[in-house]
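Only the coordinates and a few stated rules stand behind these numbers; no lab work does. Remember, predicted model here, so these are calculated numbers, not experimental data. Note: ideal-geometry Cβ built from the backbone for every residue, glycine included; neighbour counts use all protein chains shown.
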Amino acid sequence: MADESSPLAAAVEKSLRAATWLTEADEATKELARGYAAYVDAAHAAADAELIHKAYSVAGPNLHKTLTSLGLNPEARKELGVKGEAQEVDPIDELKRKRAGRAQAG
């Protein structure tokens, strides 16, 4: 889990928690986003300018694409038709969604 020494990872975690539209099917993509964020944070922790530049050059655009695919930036949310703030989830709809996911999995 992210902490003060990993600000980007902490921000990604906060965004993932707020993304109520994501499902269990998004877990791999969520982990990919966490990995990119951790890579950038590790570069900053190393305080190596070349490593920081490489992290932003490589992981930065890939993290952006990953977050976009999850609907975690304004442009993607607009395209998906979801609001940026936490959405109220109907407990019955949530239960139906979970049951449908289980039925598909097994």
Length gain on complete extension for the stretch Ala47 to Ser69, per 0.36 nm per residue less the alpha carbon to alpha carbon distance? 4.9 nm
Please order Thr29, Thr66 by the number of other Cβ within 10 Å, starting at the fewest. Thr29, Thr66
Show which lysines lie in cross-link reach of Lys98 when reach means a straight Cα distance below 21 angstrom and same-chain residues fewer than eight apart are skipped. Lys30
Loop chymotrypsin sites (Phe, Trp or Tyr not before Pro), the range 9-64 (other Cβ atoms within 10 Å of the site Cβ: 16 or fewer; DSSP): Trp21
